[in-house]
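Asker: I am attaching a structure below and will ask some questions about it afterwards.
Read-outs: derived from the displayed coordinates by stated rules, not from any lab. The structure presented is a predicted model; accordingly, all values stated were derived computationally and were not measured. Positions of Cβ are generated from backbone atoms using ideal geometry, with glycine treated the same way; all protein chains shown enter the neighbour counts.
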């Protein structure tokens, strides 16, 4: 027998959150967008699931201003907001007048670093684009010279981004994942991650397409093993966090195997419906419109 959405949420509460936690449906949702971990795709899908004026989006370019602006909003507006999302550190729940829960998608750290570097090197609005171009940085230069190591640990722990990561920060990140996140998804198993979110929050997900995919990057197999080893060494704490997240994810998938399988098939069908040239163009245009409206509203 297939569980109702309410029954599914109750089971997921028992599988992933502490006993006695408030029902997720009564909480605001905070999506921590980790860099190059399918966040742009998830953002565009989320924007179909909530009223545009009940979401706050951190601007991906002017994120420092956007984060400060969020802290200046009235308690009344914060209380009306059902979804907060974007590049931010863990900890937003502490300033909200309503209870909140978190979601995120983590990515295998070595692959995430590779994707992140080639994105920065090709995206002209990124703050490091011109530095990389002027100084002709290679991937190995980026790994050796940039403080952007163990990024996923720092964000999920709420630690200072520009400072070195420590084992204590990694442990805090793991504790936060296990205690405060309703769904922890995996980039490598994105559709199953969406299935867990759909179960948890009653999302519709009637259309589905990918956004902001880094295409101008080499395959992992084409990168020297010495460089891959260096990335793994510099991001060992992120690897430890990823393993913790993968275990949490697999527990949730096992608990809801039949439902996840069914929803994954539905998502594949939704993706197929969105892949025809006309449907894809219409979806992209409408998604861009909803993104623009929500970002404009978030800035006022």
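Asker: How large, in Å, is segment 146-300 by the Kirkwood hydrodynamic radius built from its alpha-carbon pairs?
Answerer: For segment 146-300, the Kirkwood estimate is 18.3 Å.
Asker: In whole Å, what is the distance between the alpha-carbon centres of segment 36-105 and segment 282-300?
Answerer: Measuring centre to centre over Cα atoms gives 14 Å.
Asker: Here's a follow-up. Sorting check: for 250-261, 134-145, 174-185, which peptide has the highest mean count of neighbouring beta carbons within 10 Å, and how do the rest follow? Please list the in-between numbers first.
Answerer: Working: 250-261: 16.2, 134-145: 14.2, 174-185: 19.9.
In decreasing order of mean packing, 250-261, 134-145, 174-185 become 174-185, 250-261, 134-145.
Asker: Same structure again: Can you give me the Rg/Rh ratio for segment 179-268, using Cα atoms for both radii and the Kirkwood formula for Rh? Could you put the intermediate results ahead of the total?
Answerer: Numbers: Rg = 16.1 Å, Rh = 15.3 Å.
In segment 179-268, Rg relative to Rh is 1.05.
Asker: Further, regarding this structure: So what's the angle, to the nearest 10 degrees on a 0 to 90 scale, between helix 167-180 and the longest Cα principal axis of the chain?
Answerer: 20
Asker: Based on the Kirkwood radius over alpha-carbon pairs, what is the Stokes-Einstein translational diffusion coefficient of segment 105-199 at 10 °C with 1.306 mPa s viscosity, in µm²/s? Working shown, then result.
Answerer: On the way: Rh = 15.0 Å.
Calculated translational D: 106 µm²/s.
Asker: With runs of 4+ DSSP H residues as the only contributors, calculate the mean residue ellipticity of the chain at 222 nm using -39,500 (n - 2.57) per run, divided by the residue total and rounded to the nearest 500. If you can, show how the numbers build up before the last one.
Answerer: Values: 14 runs with 166 residues, N = 300.
Only helices count here, giving -17000 deg cm²/dmol.
Asker: I need the semi-axes of the equivalent ellipsoid of segment 221-300: take the C-alpha gyration tensor, multiply each eigenvalue by 5, square-root it, list largest first in whole angstrom.
Answerer: Numbers: eigenvalues 222, 111, 64 Å².
The equivalent ellipsoid of segment 221-300 has semi-axes of 33, 24, 18 Å.
Asker: For segment 5-291, what relative contact order do you get, as a whole percent, if you take Cα pairs closer than 8 Å and at least 6 residues apart? All intermediate terms of the calculation are to be shown ahead of the outcome.
Answerer: On the way: 394 pairs, mean separation 75.0, N = 287.
Rounded, it is 26 percent for segment 5-291.
Asker: I would also like to ask the following. Let me know the shape class of segment 160-216, please: from the alpha-carbon gyration tensor, a ≥ b ≥ c as square roots of the eigenvalues, rounded when a/c is under 1.5, otherwise prolate if a/b is greater than b/c, or oblate.
Answerer: Numbers: a/c = 3.21, a/b = 1.49, b/c = 2.16.
Judged from the Cα gyration tensor, segment 160-216 comes out oblate (a/c at least 1.5, b/c at or above a/b).
Asker: Give the peptides 36-44, 149-157, 269-277, 87-95 in descending order of average Cβ contacts within 10 Å, highest first.
Answerer: Working: 36-44: 22.3, 149-157: 25.0, 269-277: 13.3, 87-95: 16.3.
Top of the packing list down: 149-157, 36-44, 87-95, 269-277.
Asker: Could you work out how far helix 190-201 tilts from the main Cα principal axis of the chain, as a 0 to 90 degree angle to the nearest 10?
Answerer: Value to nearest ten degrees: 40.
Asker: Where in segment 131-145 does the amide nitrogen come within less than 19 Å of the point 7 Å from the Cα of residue 229, taken along Cα to Cβ?
Answerer: 139-145
Asker: Ok, one more. Return the inverse of the average 1/r over all pairs of distinct C-alpha atoms in segment 5-291, which is the Kirkwood hydrodynamic radius, in Å to one decimal. Provide the component values of the computation, followed by the final result.
Answerer: Numbers: mean 1/r = 0.0505 Å⁻¹.
For segment 5-291, inverting the mean 1/r across all distinct Cα pairs yields 19.8 Å.
Asker: Which ordering of 207, 72 is given by a fewest-first count of other beta-carbon atoms within 10 Å? Before the final figure, lay out the partial values.
Answerer: Values: 207 18, 72 6.
Ranking 207, 72 by Cβ neighbours within 10 Å, fewest first, gives 72, 207.
Asker: Please give the FRET efficiency for residue 54 paired with residue 74, using the beta carbon to beta carbon distance and R0 = 22 Å, rounded to the nearest 0.05. Write down the numbers at each step before the final one.
Answerer: Numbers: r = 15 Å, r/R0 = 0.67.
The value I calculate is 0.90.
Asker: What span do the alpha-carbon atoms of segment 69-143 cover on each of the three principal axes, reported in whole Å from largest to smallest?
Answerer: 48, 26, 15
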